[in-house]
Amino acid sequence: MRKLMLVLHKYAGLSLGLMLGVIGISGSLLVFDHAIDEALTPEIVTADNPAQRAPLNDVLAAAKNAVDSSHRADRIYIARQAGSPHVVRFRLPAGQPGPVEVSVAPATAEVLAVRTWGEYPASWLYTFHYTLLAGPNGKTTVGLLGIVLLFFCVSGVIIWWPQQHRWRRALTVRWNRGAYLLNLDLHKTSGIYLLPILAVVSFSGVAIVFPNAIETMVSSALPMDQYPNPRSTIGAAMVPVSDAAATAATAFPDAELKRVQLPRSEDGPYLFYFNTAAEPWSNLGGSAVWVDAYSNRILATWNVTEVAAGSQFMRWQFPLHNGDALGMTGRWLVFIVGFLPALLFGTGVYMWWRKRKNRTGRIMLGRYAERKPGPDSVP
């Protein structure tokens, strides 16, 4: 078993390690994507007092005035922190690049920037990490690579497992024993120490790409609740988003609004995502409220801390993937682990190259010895 795993681990790593490395590094940067975006685009940072913010009606109206009338407002991302903008996202007609995002000052509803998703650095990085810039096929490839990374986690443990209980050697780095042993020790110790985090990030990434398959697996072991899908009762006119938001807030009065999904069809409801005090993450809105877009009544609620265990497990995957589930500590851990595939690939390639070089040298030396005339052959 160990020899088979060693062969598979080596050649899969040499073939796919570089791609896993760049995906991992892009993921590390995305842990702090909003901070990077605001640093690269200072014009979207504005003075903001969370206690004194413009109504969402004004925010949405300002964003609509800044784009073409053919663009349809799809959602509103609420400012993540003081100084950050609200972002209104618009869906574009088929065939046009997009979606378009309008950054709006939370306090004044002033439009700060109009940008196309995928064209500014942070969104390009996200698209690369999620799809390799190759659309749905690229997204599937990323998911399959996540499964490969899970295989590396399992095969790495089997290969690393100390022979004759030599635990100390298996868990230490020999810094002064030459380049080969240094790379070998860095490869095995970094991998084993960071294995739990790498495995969690890998699995959560697979769950994000293949949610239906993972949900089917989870539901076979854990109970799951049906996610609500209510519809609005069509009336004369839709209620303003600010009024619907006020209604939704009554369901979770102490929660923080994180995102608004606007009606996507004539009978579509407003959908508000909240972060409640009981949720262990800070940036994700795990709990939800559906509000009828015409009657302004609550149609359904989803308290992520009270739903069935399987449903909670699925909701945990995204905040585990970006580290939000453990606060700033979790984000830094995920940031560090994102560089691990590149380190493992680099050390692995070096060890393979050294062995190949030494093997080639021995073969050449043997051929030279065979051709070199001996003392008895001298005329």
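The values are calculated or read from the model by the stated rules, or taken from the named source; none is laboratory data. Predicted model, so just to flag it, every value in this text is computed and none were measured. Don't worry about glycine lacking a Cβ; one is built from the backbone with ideal geometry, like all the others, and counts go over all protein chains shown.
Can you name the residue in region 157-183 that is assigned to a helix (DSSP H, G or I) and without any contact (Cβ under 8 Å) to a residue 12 or more places away in the chain and is also nearest to Arg354 (Cα to Cα) among such residues? Per the criteria, the residue is Leu181.
The residues of region 15-48 include none that are aromatic (Phe, Trp, Tyr) and without any contact (Cβ under 8 Å) to a residue 24 or more places away in the chain.
Filtered by the rule that a residue be touching a Leu at 6+ places or on another chain (Cβ under 9 Å) and farther than 21 Å from Asn212 by Cα, region 305-331 gives Gly323, Asp324, Ala325, Leu326, Gly330.
Does Gly286 satisfy being closer than 19 Å to Leu194 by Cβ, buried (at least 18 other Cβ atoms within 10 Å of the Cβ) and in contact (Cβ under 8 Å) with a residue 24 or more places away in the chain? Steps first, please.
Details: closer than 19 Å to Leu194 by Cβ: no; buried (at least 18 other Cβ atoms within 10 Å of the Cβ): yes; in contact (Cβ under 8 Å) with a residue 24 or more places away in the chain: yes.
In short, no.
Annotation: Phe335 fulfils all but one of (1) at pLDDT 95 or above; (2) buried (at least 20 other Cβ atoms within 10 Å of the Cβ); (3) under 21 Å from the mean Cα position of the chain (by Cα); the unmet one is (2).
Being touching a Pro at 6+ places or on another chain (Cβ under 7 Å) and modelled with pLDDT under 95 holds for only one residue in Ala325, Ala309, Ala369, and it is Ala325. Of everything listed in (1) assigned to a helix (DSSP H, G or I); (2) surrounded by fewer than 19 Cβ atoms within 10 Å (Cβ to Cβ); (3) modelled with pLDDT of 95 or more, the single unmet condition for Ala113 is (1). If you go through region 181-200 and keep only what is more than 18 Å from Ser155 (Cβ to Cβ) and loosely packed, with under 15 Cβ neighbours inside 10 Å, you end up with just Leu181. Only one of the listed residues (Phe90, Phe152) is over 20 Å from the mean Cα position of the chain (by Cα) and crowded, with 16+ Cβ neighbours inside 10 Å. That residue is Phe90. The condition of being crowded, with 18+ Cβ neighbours inside 10 Å and outside the structural domain of Leu271 (by TED's automatic domain parsing) does not hold for Leu171.
Here are some residues: Ala51, Ala79, Ala61. Which one is in contact (Cβ under 8 Å) with a residue 12 or more places away in the chain, within 28 Å of Pro106 (Cα to Cα) and in a loop (DSSP other than H, G, I, E, B)? Even if it seems obvious, please write down each step before you answer.
Values: Ala51 fails: in contact (Cβ under 8 Å) with a residue 12 or more places away in the chain; Ala61 fails: in a loop (DSSP other than H, G, I, E, B).
That would be Ala79, the only listed residue that is in contact (Cβ under 8 Å) with a residue 12 or more places away in the chain, within 28 Å of Pro106 (Cα to Cα) and in a loop (DSSP other than H, G, I, E, B).
Going through (1) within 24 Å of Ile78 (Cα to Cα); (2) free of Cβ contacts under 8 Å to residues at least 60 places away in the same chain; (3) among the hydrophobic types (A, V, I, L, M, F, W, C) one by one, Leu262 falls short only on (2). Apart from one condition, Ile23 fits all of (1) at pLDDT 95 or above; (2) over 30 Å from Leu144 (Cα atoms); the exception is (2).
The number of residues in region 292-351 being under 29 Å from Ser265 (Cα atoms) and in contact with a Gly (Cβ under 7 Å, 6 or more places away or on another chain) comes to 5. Scanning region 52-81 for residues that are over 28 Å from the mean Cα position of the chain (by Cα) and either outside the structural domain of Val102 (by TED's automatic domain parsing) or more than 23 Å from Leu284 (Cβ to Cβ) (or both) yields a total of 14.
Looking at Pro228, Pro253, which one is in a loop (DSSP other than H, G, I, E, B), of a type outside the set (D, E, K, R), within 20 Å of Ala278 (Cβ to Cβ) and in contact with a strand residue (DSSP E or B) (Cβ under 9 Å, 6 or more places away or on another chain)? Let's see the steps before the verdict.
Working: Pro253 fails: in contact with a strand residue (DSSP E or B) (Cβ under 9 Å, 6 or more places away or on another chain).
Checking each option against the conditions leaves just Pro228.
Scanning region 82-93 for residues that are of a type in the set (Lys, Arg) and within 18 Å of Val111 (Cβ to Cβ) turns up just one, Arg89. Going by the conditions given, is Leu198 modelled with pLDDT of 95 or more and in a helix (DSSP H, G or I)? The answer is yes for Leu198.
All conditions but one from (1) surrounded by 19 or more Cβ atoms within 10 Å (Cβ to Cβ); (2) on the phi > 0 side of the Ramachandran plot apply to Ala251; the one that does not is (2).
Of the residues Tyr227, Tyr270, the single one that is hydroxyl-bearing (Ser, Thr, Tyr) and without any contact (Cβ under 8 Å) to a residue 60 or more places away in the chain is Tyr270.
Restricting to region 82-97, and then to whatever is outside any strand (DSSP E or B) and touching a residue at least 24 places away in the same chain (Cβ under 8 Å), can you tell me which residue is farthest from Gly285 (Cα to Cα)? Checking each candidate, the answer is Gly83.
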